[in-house]
Amino acid sequence: MPKITHLSELDLTKTYSYADYLAWQFDEAVELIKGKIMRMAPAPTMGHQLISRNLLLVIGNYLHKKRCQVFHAPFDVRLYDHKKSILANQDIHSVVQPDLCVVCDTAKLDAQGCNGAPDWIIEILSKGNSKREMKIKFELYQESGVSEYWMVYPYEQAVYQFVLDSKACYRLENMYANNGMAIPSLFPDLMIDLSEVFASFDSA
C-alpha cells in the first residue's frame with residue numbers, strides 16, 4: 001500500500017479503512033468516521049489543555065492500582081458496531097482520538113491503542129466543534145457501545161453526562177454546573193469537583 005505524505009493526496013469523498021489510516025504519514029490530525037475523513041481542530045487552546053489535565057489527574061488518581069485505565073489524546077480508538085467481534089484493520093472504518101477515555105477491558109488494548117469501545121469517553125468541546133460533528137460522534141459512540149459519554153462545555157463550564165440505557169440508547173443522566181460535583185455512573189464513589197476542573201480556564 002503506497003504511503004501518503006500529504007492530505008491533499010487523498011480523495012475526501014472516498015471511504016477508507018483503518019488499514020489505510022495506518023499508511024498515512026502527514027502532519028495534519030484527522031479522524032475516520034465510518035470511512036470518511038474528518039479533520040480535527042487545530043492544536044487545543046491552553047484552557048482546553050488545563051481542563052483535560054485536571055480531569056486526567058483526578059481520574060488517574062482514582063484509578064491508580066485499579067483494573068481500569070485512563071488515556072488521553074492523541075490515542076487511537078477503533079470503533080465499530082458493539083454487536084460485532086474484534087475486527088481486522090481493513091474491516092474497521094472508524095478511528096477517533098477522544099480527549100480522555102477509560103478502558104476496563106484490557107483485552108481491547110494493544111500497541112496501536114484501543115480496539116473496541118472504551119467504557120467512558122470524555123470530549124472537551126471547542127468553539128470549532130460543529131453541531132454536525134457533535135451529532136456524528138454522539139451517534140458513533142452510542143452505536144459502538146461506549147457505556148458513558150461526557151460532553152464538557154468549557155465556556156459554559158458545564159458537563160452533560162450520557163449513559164447507555166437498556167435499549168443501547170443514550171439518555172441524559174445529568175447536567176452538571178461548574179459549582180457541582182460530577183459523578184460518573186461507572187464509578188459512583190468518584191466525585192469530581194467541577195469548580196477545580198474549570199478553576200484555571202478563565203485565566204488561560
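Nothing in this text is a laboratory measurement; each read-out follows from the coordinates by a stated rule. Quick caveat, the model's predicted, so the values are computed rather than measured. Note that we place each Cβ from the backbone using ideal geometry, even for glycine, and neighbour counts take in every protein chain shown.
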Put a dot 7 Å past each Cα toward the Cβ at Q49 and K66; how far apart are the dots in nm?
2.8
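Can you give the helix-only mean residue ellipticity at 222 nm for the chain, where every DSSP H stretch with n ≥ 4 adds -39500 (n - 2.57) and the sum goes over all residues, rounded to the nearest 500 deg cm²/dmol?
-6000 deg cm²/dmol
Can you tell me, using C-alpha contacts under 8 Å and at least 6 residues apart, the relative contact order of the chain as a whole percent?
17
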Any idea what log10 I(q)/I(0) is at q = 0.15, 0.16, 0.18, 0.20 Å⁻¹ for the stretch 45-197, Debye with uniform C-alpha scatterers and no solvent?
-0.77, -0.89, -1.14, -1.43
In angstroms, what radius of gyration and Dmax does the stretch 33-91 have, counting Cα atoms only?
15.5, 39
Write down the radius of gyration of the stretch 5-111 and its Dmax, each obtained from C-alpha positions, in Å.
15.6, 45
